[in-house]
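Inspection log for the structure reproduced underneath, given as structure tokens.
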Ligand code: GDP
């Protein structure tokens, strides 16, 4: 889908604007994923168009201390990766040097840029906002991220500038795998090893539009697409130190895939960027395989696999039902196992369970451990069905669904996982009124 990036100096209200833009979806995402909502990445829809929103500022840990240089990098990265850019400024502070610096980068960008003047919530401020025409970025969108005023007009303009209305054409029923991970974990090496093709490493010209490309492989008796992530192409090291680099780089390929192969560098352990990318996959309800790469470099004893597995589980909890493969792109050890794990996860994710079997198993589990009654009210689940959605979703029909809480949802999820194979697959479970 299209990607909208919010850029701007600290404290102009970027995260308030971000929350406002992803608001409609927020609650749903929380409820079903059981993962804390990402404060920097969210999905939204406006005038029937879906898009992702990224708040680049959300990745700065201490936003008071951001150096101009860091903001410049963020803006450059946003220009490279996003389809549309919202540049947020603050009417209260007027134009600052940093605003000027950002504007001068954006004026040269070959991407649509919308200048959102925030905190415009009275007549005086509408007058004050005119100063921002001086940034040379065309029309102003006067908004109040706090109250939402003006954000509708801003979104109207933003979605009109989307370039990607249709998904890349691929044949139905052929799995799409994305290879993702931090820079230098070995993504290119892995793909080279798998496909036997030395990939053409090119330096991309900043600002050129680029979609995820799907390359089809029929190899080793399997037929699949590898979603070619922009992140696989070397672009120099300038941005790689940024916390959100990998996330921004991964968004598009994750969204375009069925199953993501997340590479982790064995020599570095699980890092926060790995966890960020993992959460992005779960939030998008994609299948996941974790590949611990560079395993050849590890001094191993017979506890190494167990220790590493525990470390991963600790960092990705509560969703730990994920295949983990210890491999080496260099020596090719277990690279096919990695591919087969992805294929298995794809098949798990495609499963449609028979309603009779599902009820047989779950109704018994529910009888054994019924939902706790609340205020003397007896909660009864009568019937379970899998919904016809692209990712496994289950509806449980109950007399009082509103009283069923997260721990019970998790119990049901665990029961499904114990009785059926959903390894690597996020599940959605809904309680509905019978
Ligand atoms: P990318 O940025 O994720 O595409 O990473 P690359 O594929 O460019 O790999 C980064 C570096 O790690 C290169 O020097 C590779 O040769 C090296 N590398 C990748 N995979 C392995 C591996 O399994 N074992 C070892 N020892 N080195 C690896």
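Residue separation of residue 337 and residue 352 scaled by 0.36 nm, minus their Cα-Cα distance, works out to 2.9 nm of gained length.
Counting neighbouring beta carbons within 10 Å and listing from fewest to most, the residues 123, 130 come out as 123, 130.
Modelled spin-label separation between residue 397 and residue 97, with each label point placed 7 Å from Cα along the Cα-to-Cβ direction: 6.7 nm.
Extension gain, residue 131-residue 307: 0.36 nm per intervening residue step, less the Cα-Cα distance, totals 57.5 nm.
When restricted to Cα atoms, the range 81-122 yields an Rg and a Dmax of 11.2, 35 Å, respectively.
Overall, the anisotropy analysis places the range 390-434 in the prolate class: the square-rooted eigenvalues a ≥ b ≥ c of its C-alpha gyration tensor yield a/c not less than 1.5, with a/b exceeding b/c.
The simple Förster model, with R0 at 51 Å and r as the Cβ-Cβ distance, assigns residue 271 and residue 122 a FRET efficiency of 0.65.
Each principal axis of the Cα cloud of the range 311-434 was taken in turn, and the coordinate range along them, longest first, works out to 62, 31, 22 Å.
Fully extending the segment from residue 373 to residue 50 would add 112.3 nm, taking 0.36 nm per residue of separation and subtracting the current Cα-Cα distance. The simple Förster model, with R0 at 30 Å and r as the Cβ-Cβ distance, assigns residue 149 and residue 68 a FRET efficiency of 0.45.
Computed from the coordinates by the stated procedures, all read-outs in this text should not be read as laboratory data. As the structure is a prediction and not an experimental result, all values here were calculated from the model. Methodologically, a virtual Cβ is constructed for each residue, glycine included, from the backbone with ideal geometry; neighbour enumeration extends over all protein chains shown.
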